[in-house]
Structure formats: C-alpha cells, structure tokens
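Remarks on the structure that follows.
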Amino acid sequence: MPNAERQTLNAGKPYVVRRTACRGILRIACGLLLLATPAFAQSLTLGLYGRSGYLTPTLEGTLPVGDFTLGLRAQWAALGLTAESAVELGPIGRVGYGLRASLGLPGWAVEGFARGALGPVGLDANLGYASTSRQNLWVGDYGEANLSGLNVRLFGRYRLSGRETLGLTLGYANPFLYGEASYATRADTTWTFGLGYRGGPYGLVGWRGELGQGLLDLTLRAGFYNRLEAVLSTEELKTRLTLSYPWAASLGVERGSWRADAGYGAESGIFGWLRYTLELGEEKDAER
Amino acid sequence: MPNAKRQTLNPRRLLAVAAMICVLGLVFAQSATDIAKQVQANLEKSPWEATITGKVQTPDGSTQDAELRLQVVPGTNQTARVEFNKPASLEGNFVVIDDKEVWNYLFLTNQVIIQPRSKAKVEGLGVNLTSLGDFEELTNRLNLRPPLEVNSADGPAWRIVGTPKDNSLGFAQIELTVLKSDPRPVSIRILDSSNKVLAELNFRNFKRTNLTASALRKRPADAEVVRR
C-alpha cells in the first residue's frame, strides 16, 4: 500500500513530488558517476548554465562498457542517457550508432542516431521525438534541435573523386520541412556551393582552409534563411561563432579543459555556459 | 655399372644427401633471417618515408590502384603513418600506429578514432600496411624460405618468400624484394591461400627525413576525436 499512499499524496502535490523525483534522479546519476570515477569513466564534464530566470548546473559523463559507450547528461530536473557503439572498419570507414533517452520534469524525448563513412559514402542520420522543447531537457540543444515533436534529419555525402564531394540534407523539424544540396571542391582550400530550402530558397557558400597557424571553416547561408557560421581551430584553441537573422548569435571558446559559450536567441534571451572537463583514465594519453 | 647404380641408390648416401639439403636449407633460412635483421637495422637508423604504389584487393573482392605515403619514426617511441592518396574514395584518410594506439582519420566525417592497438582493425585493404614499418615484427611472424638473388629496377636484390606462422596476418604468402646495396624493401607481393594476389606494391621515393613522432600524429585542428 505504500505506493497507493504516495499516489494519493502526489495527486495533491504533483509539482513537489515530480521535483523530488527529479532530485532523486539527479542524485542517482551523480552517485553512478562518482562510483564509476575514476576507474572506468573516460571523461566527466561539469558546468554551469544560466539565462534569464534560469540557472542550472550541468553534468556530462561517458563510461565504456564492452563495445558500447554509455553517456549521461544531466541538468536541473532533467536527465539524458545514451548508449552508443560503432562498427570499426579501419581506414575503409566506420559506422557509429546509438540511442538516447531523456526524462525530466517538463517531459521526455527519445532519439536514434547513426553516423559514419564507408569508402566514398558518408551518412549522418537522426530520428527523434520530444514531448517538450528539447532545451528543457538539455540546455545544449539550440535552434531547430530545440523544437518539440518529431525531428528527422538525413545528411548524406558522396565523393565524386578524391577532391569533389556532393552533399544532400533532408529533414523535418516540427512543423517544417527543409533540404539542402551542395558541391564541395578541395585543393589547398575547400570551397562549397549549394542551394537549400527552409521556409523559402537560400544560397550557400563555404570556405575551409589554413589561416596562419589555424584552420578556418566559414559557411554563409543567405536568402529566406540567413546564417553565418565560423569555426577557427588551432591546436590549443577552438572558437565558434554563429550569427543568424532573425537575430540570434553565439560565441564559443574552447581551450584545454575549459569551454565557454555565450549568446543571444529569441527564445532563450541572453545565455552563458561554462564547462570544465576532467579527462580520466587513458584519455590523457590521447593528445601526446 | 650395376655397382655404380647400387651406390647411387645406397640408402645411407640418400640419407646423407637429405641431411646435407636440410643443413643447407637451415643455412639459407638463417640467411633470410639475417637479411631481415639487416633490413630492420637499416630502417631503424633514422626516420624515413616512402611512396608505395601498386594494386590492392578491397574487401568486396575488386582490385584497386593504391598510392600510399608511409612515414616511419623508429626508436623507443616507434610510430608509423600511412596516408592514402589512392583509391580516390580514401584520399585524405590516414592511419597512425604506435606501440600502444592506432589512430584512424576519416576525411568524410572529419573524425580521428583512437583505439588500443590490441583492439584496432588496421588492415582495411586486405593487409595491415602499417606492419611494413616494423619489418622485424613482420618477419618474426613468418616462416622464411631460402632467399633468391634477383635483379630489381633499383639494382641487385634478394627475394624472400615467407608464409605466416598463424592466421593473424590475414594472408597466406608474402614475397619481399630487398635491395642489397641499401637493405630495404623495394617491392612486396601478398597472396591468399588460393594464390590470388591481395596486394602488389612497389616502394618509391625512399628517403631519410627528420620527422618526429608528434609530426606523424598531425591531424586537422578541427577534427573530432573519438576514443574507443
């Protein structure tokens, strides 16, 4: 009868009970991660995210279990679990795949994904459903990834030759369809040209190449959809900038174990997110 | 004459001849091992690189032109890197292998997949090309036949034929041509159990370099690192 009692009590105080349940979920998650650390966990990322009227700690961790890697991400009142694996084919390619489930006070979400390359073909596919805006379950889901409902995305690439690649994106993010076709040609630098449709037609031009000691990747989409993305990477520092119209912008800087993101969006307003990653086990050897 | 015939067929003499053949075989087998040791010593003198061209069989059974760049830094922190120029579908991909780890870079996904060496699959094209960077390890896993003297495009050479001691190498026979004047491989031919050629490769543009292990690990700065 304890369950019946709890249900009766909960009926009068659903928010309190749900909040308590979520606290419990977070406690269990933290407990699991602490148990797994440092013997097994690969990495543990601790963060603090804030936007107007909302402040939450964030936590991300990965744990290899056999051929799978289990992932956990948590924020206030929401928890996401991922199981992923991959078929490794050496220099021929690989196919990674996984499943993520998220649960929290605001709702739930599930998502399946596959990403990989096999010889001349590359594929990045996602299929998911969320009962609420995804940012309520994970603050890192910006933009169209933030929409609730069905979300389908298929990004395929095909190498015409060693230097030329075709790309095709098709997607549905409730409630709109979108698509994009592109052609990339690579010499010392890579140029990408394309056309897309997202509420209306737009054009795409991209450039990727060495810039001093760094590598710059620039993509501009303009027309009915307007967005500039720039990523400048060096061995020590990675900087990401996005600028969109209707107005939204974000800037991210990653150096060593630290990562800082800040920006402005129509839904989130001004936000900031600071993260610190603890590399555990053999991970430290990766960058020798 | 009948006596002479009887002498020829004398079982003791036959045994003696057979024993001599065995001894000579052992001497030649030792020579093949010695050549392998000379090659290893020569390749361990300093960092080097070479272009490898030829044909390889892909997992689907078709044969493709291959052009690879092999770079090796010998020593305690031995590291080898294979960059793919051909086939076109793999251009831009590379593999880096050291004592502990294997790095696989995939151009299409811009990912570096890092795996422990014991777990990694590096053959991909039917043979583990990175093993060419560690000649002694490769020949230690082979039963070597007596070497033959041949003329290669680069000059007088030894031809060494070996069969794997176990199934882990993924082929049934390997034929190596080793230059006499500068002991290093100039060509390699790999066959499966039905004598089908899995790979036929020539070493070109061999040169000594001042490469370092960290230089061989160079990857695009924006590549995603995936540890498995």
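The values are calculated or read from the model by the stated rules, or taken from the named source; none is laboratory data. Please read these numbers as outputs of a predicted model, since none were measured by experiment. Note that each Cβ is placed from the backbone with ideal geometry, even for glycine, and that neighbours are counted across all protein chains shown.
Details
- For segment A:188-225, the set of residues classified as more than 23 Å from A:GLU164 (Cβ to Cβ) and surrounded by fewer than 14 Cβ atoms within 10 Å (Cβ to Cβ) consists of A:GLY199, A:GLY200, A:PRO201, A:GLY212, A:GLN213, A:ALA222, A:PHE224, listed by residue number.
- The set of residues in segment A:65-86 that are within 28 Å of B:LYS119 (Cα to Cα) and not charged (D, E, K, R) comprises A:VAL65, A:GLY66, A:PHE68, A:THR69, A:LEU70, A:GLY71, A:LEU72, A:LEU81, A:THR82, A:ALA83, A:SER85, A:ALA86.
- Among the residues of segment B:75-91, those that are more than 10 Å from chain A (Cβ to nearest Cβ), surrounded by fewer than 19 Cβ atoms within 10 Å (Cβ to Cβ) and touching a residue at least 24 places away in the same chain (Cβ under 8 Å) comprise B:GLY75, B:GLN78.
- For segment B:172-183, a residue qualifies if it is surrounded by 19 or more Cβ atoms within 10 Å (Cβ to Cβ) and assigned to a loop (DSSP other than H, G, I, E, B), and exactly one does: B:PRO183.
- Given (1) away from chain A (no Cβ under 13 Å); (2) part of a loop (DSSP other than H, G, I, E, B); (3) among the aliphatic types (A, V, I, L, M), number of the condition B:ALA50 does not satisfy: (2)
- Residue match in segment A:192-200 (condition: touching a Phe, Trp or Tyr at 6+ places or on another chain (Cβ under 8 Å) and closer than 30 Å to A:SER52 by Cα): yes
- Among the candidates A:GLY156, A:GLY171, residue that is in a strand (DSSP E or B) and more than 14 Å from chain B (Cβ to nearest Cβ): A:GLY171
- Among the residues of segment B:203-228, those that are within 14 Å of another protein chain (Cβ to nearest Cβ), hydrophobic (A, V, I, L, M, F, W, C) and closer than 11 Å to B:GLN71 by Cβ comprise B:ALA213, B:ALA215, B:LEU216.
- Residue match in segment A:138-147 (condition: more than 21 Å from A:TYR245 (Cα to Cα) and within 11 Å of another protein chain (Cβ to nearest Cβ)): no
- Residue within segment A:186-208 that is among the β-branched types (Val, Ile, Thr) and within 12 Å of chain B (Cβ to nearest Cβ) present: yes
- Residues of segment B:60-74 satisfying the condition of being touching a residue at least 40 places away in the same chain (Cβ under 8 Å) and over 17 Å from B:ARG189 (Cα atoms): B:GLN71, B:VAL72, B:VAL73
- Within segment B:85-101, tally of residues that are modelled with pLDDT under 90 and aliphatic (A, V, I, L, M): 3
- Residue in segment A:71-83 that is surrounded by 17 or more Cβ atoms within 10 Å (Cβ to Cβ), closer than 25 Å to B:ASN104 by Cβ, of a type outside the set (Val, Ile, Thr) and at pLDDT 90 or above present: yes
- When the test is whether a residue is touching a strand residue (DSSP E or B) at 6+ places or on another chain (Cβ under 8 Å) and farther than 17 Å from B:ALA50 by Cβ, B:PHE206 does not pass it.
- Count - residues of segment B:196-228 that are without any contact (Cβ under 8 Å) to a residue 12 or more places away in the chain and either crowded, with 18+ Cβ neighbours inside 10 Å or in a loop (DSSP other than H, G, I, E, B) (or both): 2
- Those residues of segment A:94-116 which are in a strand (DSSP E or B) and either in contact with a helix residue (DSSP H, G or I) (Cβ under 9 Å, 6 or more places away or on another chain) or in contact (Cβ under 8 Å) with a residue 40 or more places away in the chain (or both), in sequence order: A:SER102, A:LEU103, A:GLY104, A:GLY107, A:ALA109, A:GLU111
- Test for A:GLY93: is it out of contact with any Asp or Glu (no Cβ under 9 Å at 6 or more places or on another chain), crowded, with 19+ Cβ neighbours inside 10 Å and at positive phi: yes
- Qualifying positions in segment B:81-106 - among the charged types (D, E, K, R) and under 22 Å from B:GLY54 (Cα atoms): B:ARG81, B:GLU83, B:LYS86, B:GLU91
- Looking only at residues in segment B:96-117 that are within 9 Å of another protein chain (Cβ to nearest Cβ) and not in a strand (DSSP E or B), the one that is surrounded by the fewest Cβ atoms within 10 Å (Cβ to Cβ) is B:LYS100.
- Across segment A:217-240, the qualifying residues are those that are within 11 Å of chain B (Cβ to nearest Cβ) and over 21 Å from the mean Cα position of the chain (by Cα), and the one among them that is nearest to A:TYR183 (Cα to Cα) is A:THR234.
- Test result for A:THR165, assigned to a strand (DSSP E or B) and either touching a Pro at 6+ places or on another chain (Cβ under 9 Å) or within 14 Å of another protein chain (Cβ to nearest Cβ) (or both): yes
- Boolean, A:PRO91 is modelled with pLDDT of 95 or more, of a type outside the set (Phe, Trp, Tyr) and over 15 Å from the mean Cα position of the chain (by Cα): no
- Residue count for segment A:125-137 satisfying the condition of being touching a Ser or Thr at 6+ places or on another chain (Cβ under 8 Å) and either within 14 Å of another protein chain (Cβ to nearest Cβ) or part of a loop (DSSP other than H, G, I, E, B) (or both): 4.
- Taking (1) small (Gly, Ala, Ser); (2) within 13 Å of chain A (Cβ to nearest Cβ); (3) surrounded by fewer than 20 Cβ atoms within 10 Å (Cβ to Cβ); (4) touching a strand residue (DSSP E or B) at 6+ places or on another chain (Cβ under 8 Å) in turn, B:SER62 satisfies each apart from (4).
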